[in-house]
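So the structure is just underneath, and the comments pick up after that.
The numbers here are math on the coordinates, done by the rules we state, and not lab data. Since the model is a prediction, treat every value here as computed from it, not as a measurement. All Cβ positions, even for glycine, are placed from backbone atoms using ideal geometry, and neighbour counts span all protein chains on display.
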Amino acid sequence: MQKRHLGALEVSAIGLGCMGLSYGYGSGVSTADGVALIRAAFDRGVTLFDTAECYGPFSNEALLGEAVEPFRDQVVLATKFGFQDGDSTRPPDSRPERIRAVAEASLKRLRTDRIDLFYQHRVDPQVPIEEVAGAVKELIEAGKVKHFGLSEAGVDTIRRAHAIQPVAALQSEYSLWWREPEAQILPVLEQLGIGFVPFSPLGKGFLTGAITDRTEFADTDFRRSVPRFSEENRRANQTLIDRLDAIAAAKGATKAQIALAWLMAQKPWIVPIPGTTKKHRLEENLGAAELRLSPEDMVSISQSLGDVDVQGERYSAAAQARIDR
Ligand SMILES: NC(=O)c1ccc[n+]([C@@H]2O[C@H](COP(=O)([O-])OP(=O)(O)OC[C@H]3O[C@@H](n4cnc5c(N)ncnc54)[C@H](OP(=O)(O)O)[C@@H]3O)[C@@H](O)[C@H]2O)c1
């Protein structure tokens, strides 16, 4: 697989989002199946693996640590701190003492002596970002962390953090149905030499066409609380999938591959992290690394999808309130 750079970090052009193996979209998979999926990704050339303290909580980091132990030095482990008690339903907590405690606990669960990329998961309005960056800087000086990242941070926060400790990567939602980062975020990242890791690059599964208005989500599936995934909005948003289907057919690719290749074609420093629990979908998604979209393809995708008015917010009101702008 080709490589890309996130700041000074070299990673595979597509990473693996590990969240759904344990959390978020139902109950996840067994440890054995999760380990097998992560190792299959490594065998196919994936070297960037994404997790967080709050996925589980805690079990997703432990799963990843177990899976990569035999080849730990050949991969980049990215994890995140930033919620009270590691619970993403609770308020943010980026107090320096909490960041240090999370780092120690994450190192143990990941079975490693350094976290390659340590992201603040959500900006904490109670803690100045300079203090957060300072705490991570100390962890970097101590050799426990290699690179600093932010997630869903706005441009002011990015600039202030970067002035204290250079930021290697911003991880925020970006996809064919959520293009907000194009307006302000991408130009600032380009100016500062910060890489971009789009999360939910497949629109939490919707952009693949595998989800329809008839899909039933499990009780523990977080999409139940997402307005964009209400039955009515899924029905309305099917227009986007129908148009994407035509584009994919013309390119001899799948919708998932178009969604990922489109992100990678935006900038050479963009590294999407699609998540899946299934090996055949892993293969399909990684196939996007070989798909080239020409400038003409990009224009035609923009023209075809640009006037679709996507229905529904991407987060519940409570989750939306945590987004820094
Ligand atoms: N920083 C943050 O705040 C944040 C927020 C959300 C996510 N993330 C990170 O980003 C990663 C990816 O995001 P995500 O998991 O939310 O969304 P995603 O990658 O856009 O979509 C994942 C969903 O798509 C399905 N899927 C994957 N490949 C498919 C394919 N080829 N065909 C059909 N369905 C497919 C998966 O189901 P199956 O398992 O059934 O294949 C899963 O339900 C996460 O794992 C996590 O590491 C970060």
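Using mean Cβ contacts within 10 Å as the protection proxy, how do 305-317, 228-240, 127-139 order, highest first?
Details: 305-317: 14.3, 228-240: 17.4, 127-139: 19.9.
In decreasing order of mean packing, 305-317, 228-240, 127-139 become 127-139, 228-240, 305-317.
In nm, what is the difference between 0.36 nm times the number of residues separating GLU180 and GLU130 and their Cα-Cα distance?
Values: separation 50, 0.36 × 50 = 18.00 nm, distance 2.52 nm.
Between GLU180 and GLU130, full extension yields an extra 15.5 nm.
Could you work out the mean projected area of the convex hull around the alpha carbons of the chain, in square nanometres to one decimal? Each step should come with its number before you reach the end.
On the way: hull surface 59.1 nm².
Mean orientational projected area (the chain, Cα hull): 14.8 nm².
What are the equivalent ellipsoid semi-axes of segment 1-142, built from the alpha-carbon gyration tensor (square roots of five times its eigenvalues), in whole angstrom, biggest first?
Details: eigenvalues 121, 66, 33 Å².
For segment 1-142, the ellipsoid semi-axes come out as 25, 18, 13 Å.
Can you tell me what the convex hull of the Cα atoms of segment 189-248 projects to on average, as an area in nm²? Mind dumping the intermediate values first?
Details: hull surface 23.4 nm².
Projected area, direction-averaged: 5.9 nm².
Give me the dipole magnitude in Debye, nearest 20, for the chain about the Cα centre, with unit charges on the beta carbon: positive for Lys and Arg, negative for Asp and Glu.
Values: 39 positive and 44 negative charges, 62 e Å.
I would put it at about 300 debye.
Find how many whole Å separate the alpha carbon centroid of segment 257-322 from the alpha carbon centroid of segment 113-179.
So the two Cα centres are separated by 23 Å.
Given labels modelled 7 Å from the Cα in the Cβ direction, how far is it in nm from GLN238 to ASP219?
2.9
In segment 48-96, if the dipole is taken from +1 on Lys/Arg beta carbons and -1 on Asp/Glu beta carbons about the Cα centre, which of PRO91, ALA78, PHE58 is farthest to the positive end?
Of the listed residues, the answer is PRO91.
Okay, helix-only estimate at 222 nm for the chain: each DSSP H run of n ≥ 4 adds -39500 (n - 2.57), divide by all residues, round to 500 deg cm²/dmol; what do you get? Intermediate results must be reported in sequence, preceding the final value.
Details: 11 runs with 125 residues, N = 325.
For the chain, the value works out to -12000 deg cm²/dmol.
Taking only the alpha-carbon atoms of segment 187-325, what semi-axes of the equivalent ellipsoid follow from 5 times the gyration tensor eigenvalues under a square root, in whole Å, largest first?
Numbers: eigenvalues 113, 80, 51 Å².
Taking √(5λ) for each eigenvalue gives 24, 20, 16 Å, largest first.
By per-residue mean of other Cβ atoms within 10 Å, what is the highest-first order of 4-11, 212-219? Don't skip to the answer; put the middle values down first.
Values: 4-11: 19.0, 212-219: 11.0.
Per-residue mean Cβ counts within 10 Å order the peptides as 4-11, 212-219.
Do me a favour and compute the ellipsoid semi-axes for segment 124-246 from its Cα gyration tensor, root of five times each eigenvalue, largest one first, whole Å. Mind showing how you got there, number by number?
Values: eigenvalues 247, 55, 30 Å².
Result for segment 124-246: semi-axes of 35, 17, 12 Å.
Which residues among segment 87-119 fall inside the zone where the amide N is under 17 Å from a point 7 Å beyond the Cα of SER316, along Cα→Cβ?
Those under the cut-off are 87-92.
Counting DSSP beta bridges with both partners in the chain, what percentage is antiparallel, nearest 5? If you can, show how the numbers build up before the last one.
Values: 7 of 31 bridges.
Around 25 percent of the beta bridges assigned by DSSP in the chain are antiparallel ones.
Counting other beta carbons within 10 Å of each Cβ, put TYR23, TYR55 in order, fewest first. Numbers along the way, then the final one.
On the way: TYR23 22, TYR55 26.
So the ranking, lowest neighbour count to highest, is TYR23, TYR55.
Taking 2.2 N^0.38 Å as the expected size of a compact globular protein, what ratio does the Cα radius of gyration of segment 1-77 give against it, to two decimals? If you can, show how the numbers build up before the last one.
Details: Rg = 12.1 Å, N = 77, 2.2 N^0.38 = 11.5 Å.
Cα-based Rg divided by the globular estimate yields 1.06.
Based on DSSP, what percent of beta bridges with both residues in segment 2-148 are antiparallel, to the nearest 5? Numbers along the way, then the final one.
Working: 5 of 17 bridges.
Expressed as a percentage, antiparallel bridges in segment 2-148 total about 30.
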